[in-house]
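These notes concern the structure reproduced below.
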4 protein chains.
Amino acid sequence: MTPTTVPTQKGRPRSAKAQQATLQATIELLLDRGLHSMTVDDVAVRAGVSKATIYRWWPSKELLALDALATEWAVATPSAERDMGNLRRDLLARVRPWLRQLNEKPYGRIIAELLAEAQSDAAFAALYQDRFVKPRREATRPLFQRAIDRGELAADTDIELALDLLYGTIYHRLLHGHAPLTERFAQQVIDAVISANSTGQNDEQAEISSQR
Amino acid sequence: MTPTTVPTQKGRPRSAKAQQATLQATIELLLDRGLHSMTVDDVAVRAGVSKATIYRWWPSKELLALDALATEWAVATPSAERDMGNLRRDLLARVRPWLRQLNEKPYGRIIAELLAEAQSDAAFAALYQDRFVKPRREATRPLFQRAIDRGELAADTDIELALDLLYGTIYHRLLHGHAPLTERFAQQVIDAVISANSTGQNDEQAEISSQR
Amino acid sequence: MTPTTVPTQKGRPRSAKAQQATLQATIELLLDRGLHSMTVDDVAVRAGVSKATIYRWWPSKELLALDALATEWAVATPSAERDMGNLRRDLLARVRPWLRQLNEKPYGRIIAELLAEAQSDAAFAALYQDRFVKPRREATRPLFQRAIDRGELAADTDIELALDLLYGTIYHRLLHGHAPLTERFAQQVIDAVISANSTGQNDEQAEISSQR
Amino acid sequence: MTPTTVPTQKGRPRSAKAQQATLQATIELLLDRGLHSMTVDDVAVRAGVSKATIYRWWPSKELLALDALATEWAVATPSAERDMGNLRRDLLARVRPWLRQLNEKPYGRIIAELLAEAQSDAAFAALYQDRFVKPRREATRPLFQRAIDRGELAADTDIELALDLLYGTIYHRLLHGHAPLTERFAQQVIDAVISANSTGQNDEQAEISSQR
DNA sequence: TCCTAACCGAGACGGTACGTCGCGTCTTAGG
DNA sequence: CCTAAGACGCGACGTACCGTCTCGGTTAGGA
């Protein structure tokens, strides 16, 4: 009987059901009303869970929301990724499902509210980065590297800047809502990012982008 | 002159001092603690103004914050603008003072919180657009048009997209804070936006941008 | 030119019209909503008078109310009083018009609210006594004295107690509202007060009181 | 036993300590400053209780005050009551402890303020009746009935009127404060009420009342 | 006749308390 | 030990009303 390890835990085990119900109720309420208007009591009632249980698993409403959104998106995101042959297609394949998601439900509001929270809470900000920012950038970075290797992009291309251009522009429309996140918009942004660092070998882009 | 306006106002006039003190106290507290942690009572105390007076003129804490930031920025913003000869210089002249401001004080946090508020309040969103988004875009749009007229940019350049690329990327770093808003960053973004729509007549850019 | 006295006052004289309109508006609002629910702004608007003017004449809402009620009652109260021959008739003649007034409009509420105010403000209490309590007692005291002189009441009758019995009982019903202030009630109270101090010479009372 | 009541209550039970501390703090502040000057925040601080908790159990400051006074008086009131042999002694035994209480602390002010509140709020008035008026009248009524049965009072004595005379006179002095609530006063009022309905069989009264 | 000082209506202001709301913690009984 | 139920402390919100204060404009009496 080693005292450090606890092979058999006493008492009632944690309810996975309660956790799932909480996250589900949270994302529903977030989409319905936003983080600010959602109350933890609401979540508890809708999930059929006690408030104390919620706080046993998540330290604050904001972190619950973050977790709920991350879970929601993790489920639907296909991790598999294959080489489409050129950067334009790679980026479109990468960005398209996300944009589709963003257009389906009002996730933008949640993102904005998480972002606001992150401004005053460094720990939260770090978590936000880990769950929402870094994964996307890390998944996209190789696409650019591949394009450089292929000779599509200049060797001195600043990949970080390219990522900022790509995602910054998308976030801009998402958060400010002054224009929609259309398929055409996605193509235009991607074309712009590519042509800003182009070596001139990828003529295909202009043609496709002018289709629609 | 105009018959609709009443030249002689009845009653005690609104205290300009109270208004200014309120806005000043608000922006100070916003920069110090952010919108969420700022209390209207705090503002009242610091401004030497009663809470009732604050609510007489601003319907909510959020609208007060919006007004305070708009006022703060309106003061320091030079409206005069002259043709620098080429788009790159024009855009740099336009964007540089703002970036300098953003680097001086933590305005990003306030922007993020206003943006969050705008997500759930259409009226607030409209006001936010009017005070922060539209002016900047409208002031920048002619610069692009001039560049088209000069032949620097292609005639079919999508100016709205160019604006999104420019401001979106800046906002992205401002809000996510994953990288600083340096002078070099500004130049890179501008170069990228230009080269994405370039006609090839403006060789100057690459040289200057590679200086530093 | 005596500096202490101001024989001829310069400037615009006070507006008697404003004063009257204020008192009138006040009593109307008092009867309609009571002192607590009446606001000074309401009075000002209804009287067509500025709030500053109201506070130039009356130091507080409560004192305005007190003045308004006193004025209302002073107008309708006949000061003439004649000997009716016996105490019973004297008291009835004295009390009847007041009871009639109390039944016509909800003055009881105002009285209760003034009384409440008087509990915590000695100066107000003194004024309340002077305007509402003392006059009535002083006008009633001689009636009892006359009855003693006539031999209707015992020589050692405690007039103050008699006054308390008479007015206390009326006030009780007025303020607690557990029973109405009927004519019959008035007769019964008066009969009780008299018979408590009776010498046995005033047989008339029982008969009349038993009429109805 | 009763199927309607739930034997096992769910959740954290209401804190009896918080309830008692609130009522205690309230009555102290009421006696110290009166209802108007008492603040709910003050009560919360003194009771070591949050304001929200106070409003969770009492809908308004006024109802809290009513409850606090009723509780204060309920504690000190002996419900046991025995036949003293004649009405005079019965009434004195009934009234004396209350008058003693009224003379000890400034309850009159509170009563006046509750009474004022009752004027504009029917529900409050009903509650006031139930807690302060009815119990006392109902406890006193049998004493009069007993006296009628004994032959001390006339068979056609109007008990309600007698109650009004007794309590009305006491309330009058309590609220108007023009004279003190002495033992002698109590005796005089009681004697007056009795002699107003006397059959002439109770000679004892005059003697005792003239003792002091 | 015109000057001027006290008045007036309008309405903004500082202050104080109200009653409400939501977060995150706690205390029960029960599984 | 975990859970549901729900009471609790804390702190901020936005509202209401009081009594005070500035305005521009009005109205007599004295020069």
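A few remarks follow.
- Residue count, region A:54-73 (criterion: surrounded by fewer than 19 Cβ atoms within 10 Å (Cβ to Cβ), within 13 Å of DNA strand E (Cβ to nearest atom) and more than 14 Å from every other protein chain (Cβ to nearest Cβ)): 5
- Neighbours by Cβ (under 7 Å, 6+ apart or cross-chain): first from region B:48-63, farther than 14 Å from B:Asp121 by Cβ; second near DNA strand F (Cβ under 6 Å from one of its atoms) and at pLDDT 95 or above: B:Lys51/B:Val40; B:Lys51/B:Asp41; B:Ile54/B:Val40
- Which listed residue, of B:Arg100, B:Arg173, B:Arg131, is touching a Pro at 6+ places or on another chain (Cβ under 8 Å), closer than 24 Å to B:Ala70 by Cβ and not hydrophobic (A, V, I, L, M, F, W, C): B:Arg173
- Residues that are closer than 26 Å to A:Ser60 by Cβ and surrounded by fewer than 16 Cβ atoms within 10 Å (Cβ to Cβ), drawn from region A:127-141: A:Asp130, A:Lys134
- Single condition B:Met38 does not satisfy, out of (1) surrounded by 17 or more Cβ atoms within 10 Å (Cβ to Cβ); (2) more than 8 Å from DNA strand E (Cβ to nearest atom); (3) assigned to a helix (DSSP H, G or I): (3)
- Total residues in region A:79-122, condition closer than 21 Å to A:Ser60 by Cα and either more than 14 Å from every other protein chain (Cβ to nearest Cβ) or in contact (Cβ under 8 Å) with a residue 24 or more places away in the chain (or both): 11
- Unmet requirement for B:Asp191, which otherwise passes all of (1) at pLDDT 95 or above; (2) under 23 Å from B:Pro106 (Cα atoms): (2)
- Residue in region B:160-169 that is under 16 Å from B:Arg88 (Cβ atoms) and surrounded by fewer than 18 Cβ atoms within 10 Å (Cβ to Cβ) present: no
- Filter pass, A:Leu66 being in a helix (DSSP H, G or I) and more than 23 Å from A:Leu127 (Cβ to Cβ): no
- For region D:179-188, the set of residues classified as farther than 17 Å from D:Glu104 by Cα and within 7 Å of chain C (Cβ to nearest Cβ) consists of D:Gln188 only.
- The residue list A:Gly48, A:Gly85 contains one member that is within 19 Å of A:Glu28 (Cβ to Cβ) and over 20 Å from the mean Cα position of the chain (by Cα), which is A:Gly48.
- Verdict on B:Leu69 being under 22 Å from B:Phe144 (Cβ atoms) and either modelled with pLDDT of 95 or more or under 11 Å from the mean Cα position of the chain (by Cα) (or both): no
- Conditions (1) of a type in the set (Gly, Ala, Ser); (2) over 25 Å from B:His176 (Cβ atoms); (3) at pLDDT below 95; number of the one not met by B:Ala76: (2)
- Single condition B:Gln20 does not satisfy, out of (1) near DNA strand F (Cβ under 10 Å from one of its atoms); (2) of a type in the set (S, T, N, Q); (3) more than 14 Å from chain A (Cβ to nearest Cβ): (1)
- Qualifying residue in region C:89-111 (condition: within 16 Å of DNA strand F (Cβ to nearest atom) and not hydroxyl-bearing (Ser, Thr, Tyr)): yes
- When the test is whether a residue is in a helix (DSSP H, G or I) and within 11 Å of DNA strand F (Cβ to nearest atom), A:Ala44 passes it.
- Set side by side, the residues C:Phe144, C:Phe124 differ, and just one is touching a helix residue (DSSP H, G or I) at 6+ places or on another chain (Cβ under 8 Å) and either surrounded by fewer than 22 Cβ atoms within 10 Å (Cβ to Cβ) or small (Gly, Ala, Ser) (or both), which is C:Phe124.
- Restricting attention to region C:123-137, the residues that are without any contact (Cβ under 8 Å) to a residue 60 or more places away in the chain and within 12 Å of chain D (Cβ to nearest Cβ) add up to 8.
- Of all residues making up region B:139-170, the number that are more than 17 Å from A:Ile190 (Cβ to Cβ), within 11 Å of chain A (Cβ to nearest Cβ) and free of Cβ contacts under 8 Å to residues at least 24 places away in the same chain: 1
- Index of the failed condition, D:Thr39 passing every other in (1) modelled with pLDDT under 95; (2) more than 7 Å from DNA strand F (Cβ to nearest atom); (3) among the polar types (S, T, N, Q): (1)
- When every residue of region D:175-188 is checked against the conditions, at least one turns out to be buried (at least 21 other Cβ atoms within 10 Å of the Cβ), at pLDDT 95 or above and closer than 23 Å to C:Asp191 by Cα.
The values are calculated or read from the model by the stated rules, or taken from the named source; none is laboratory data. Given the structure is predicted, the values throughout are model-derived calculations rather than measurements. Here Cβ is always computed from backbone atoms with ideal geometry, including for glycine, and neighbour counts include all displayed protein chains.
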